[in-house]
Each structure stands twice: as structure tokens, then as C-alpha cells.
1. In terms of the ratio Rg/(2.2 N^0.38 Å) built on C-alpha atoms, what value belongs to segment 40-162?
2. Determine, for THR143, THR87, the number of other Cβ atoms within 10 Å of each Cβ, and report the residues in order from fewest to most.
3. What is the pair-distance distribution P(r) of segment 92-156, computed from all Cα-Cα distances in 10 Å bins starting at 0, with each bin given as a whole percent?
4. Full extension from GLN131 to ALA42: what is 0.36 nm times the residue separation minus their Cα-Cα distance, to one decimal in nm?
5. Using modelled amide H (1.01 Å from N, peptide plane; none on Pro or chain starts), what sits under 5 Å from the amide H of CYS93, excluding residues fewer than 5 places away?
6. Quick one: what are the phi-derived ³J(HN,Hα) couplings along segment 53-63, Karplus 6.51/-1.76/1.60 with θ = phi - 60°, whole Hz, x for glycine and proline?
7. Apply the Karplus curve 6.51 cos²θ - 1.76 cosθ + 1.60, θ = phi - 60°, to the phi angles in segment 30-40 and return the couplings in whole Hz, x for Gly and Pro.
8. Just round it to a whole percent: the fraction of Cα-Cα distances in segment 141-181 exceeding 13 Å.
Amino acid sequence: MIRSAIELFREHGYSGTGLREINAHSGVARGAIYHHFPGGKAELAEEVLVATGQMVKQGLAMLASSGDAVAMLDGFVAAWKQNLAATGYRAGCSVVAIVAESRRDAPQLARTAARVFASWNTVIAGVLARQGVKRAEARRLATLTVSSIEGGVILCRAAGEARALDEVGSALRSMYRAAIESVQGSRNPIAGPHAAKVPRRASRTQSNGTTMNPKTAKGGTR
């Protein structure tokens, strides 16, 4: 039932999905939803939020396990592009679908959704912080990542193509690299392609081809 509700909420929204549709899609007996979810549609939607949140969090954690924030970002964007294409750009994020349409009838769902988004932010900020980005900046980039990708998904569904997510991914990638390179540069100010080379103290060569130490050059060979 939860899986069916996820798919239906993603495509038709919270308001556009009724218990009858969920029953039919899942193949369960009529009344089974109220048996498992006495609170009805709102309780089922809360379980959808928790399940979706956990799935995405686990996916992000797997992508972040390499310790490379840019690779994690690229994987996250690629997963969304693949997901959208597989549904013909008809289905988006079930968390967004629920929180956008349930505030009036079931305000508790917005609080659950906020915790879900926060858990994704924590994973993203964590891998950025491990690469040296300051925690406040890492949190800012994490929030920007989730909000930009969620917005990009909506634009992709409207346009029926992935261009918006490509542009979002490109912009975020530049921000990630700038934040990481800034930290690495501050740790090693002489590193990098534009760093000035430190000249070596060259020794002098006598006319006979032997090398003379600069410290003893004034007094000649001893």
C-alpha cells in the first residue's frame, strides 16, 4: 500500500489521489487501508513521507560514501533525471506533492516533511564538511541543493525534458568546487597552478666545472 501510495502521490498529487485509487493500485481488499492505517489517508501519507525520506537518505549516503561531494551531487542529479525519464516526466517527488497540498487538512504532514528534508540536508552538508567546508557554508549549500533540485524536478515535469536539472546541476557543481577549492587554497597558500615558484638557492660552478658552495665562495677553495 505504501509503495502504491508513493507512486500515485508522485504522479497525481495528494489531493488527486483517493483511498479508492490506492486500493485499486495496490490490489488490497476494500477497507484494508483503514485496518492498517486507522487515521486514513493522512496517516498513510505520513508513512509515505517517512519511507520516501529514508530511501532518498540512504541513496545520498551511498553516493556520499566516496567522500567526494561533487560526485555525490552528480549522482543525485543523474538519479532524478533517470527517474523522470522513466515516468515520461509525469511523476515528481512524493514529499513535495504531499506537503504542497495537505497543509490545510493535515498540518502535521508539513512537520514530517520538514524533518525529511532536514535529514537529506544533513547528509549533503556532512560530505561537504568532511572536505573542509565550514559547517555554516556546508549547511547553506545543502539547503540550496535540495531546494534547487526539487524546483528543477518541477520545471522538468512542466517542460517534459531534463534541461532544468542539467542547469541546476552545473550551477551547484561550480559552487561546490569553489567552496572546496577555497578551503584547500587557504590550507596550502602556495599550492595550485597559479602559485609562485620558490627559487632554489643555486650553487656556483667554477671554471673547472666543480661546484662551489656559496658560503665558502668568498674565501676560495680550502
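Each value in this text was obtained by applying a stated rule to the coordinates, not by laboratory testing. Remember, predicted model here, so these are calculated numbers, not experimental data. Reconstructed Cβ throughout: ideal geometry from the backbone, glycine too, with neighbour counts over all protein chains shown.
1. Details: Rg = 14.8 Å, N = 123, 2.2 N^0.38 = 13.7 Å.
Here the Cα radius of gyration is 1.08 times the empirical estimate.
2. Working: THR143 16, THR87 13.
By the 10 Å Cβ count, ascending: THR87, THR143.
3. 22, 42, 28, 8, 0
4. Values: separation 89, 0.36 × 89 = 32.04 nm, distance 4.02 nm.
Once the chain is fully extended between GLN131 and ALA42, it gains 28.0 nm.
5. Here the answer is none, since no amide H 5 or more places off falls under 5 Å of that of CYS93.
6. x, 5, 4, 5, 4, 5, x, 5, 4, 5, 5
7. Per-residue couplings from phi come out as 4, x, 5, 4, 5, 5, 8, 10, x, x, x Hz.
8. Beyond 13 Å sits 51 percent of the P(r) for segment 141-181.
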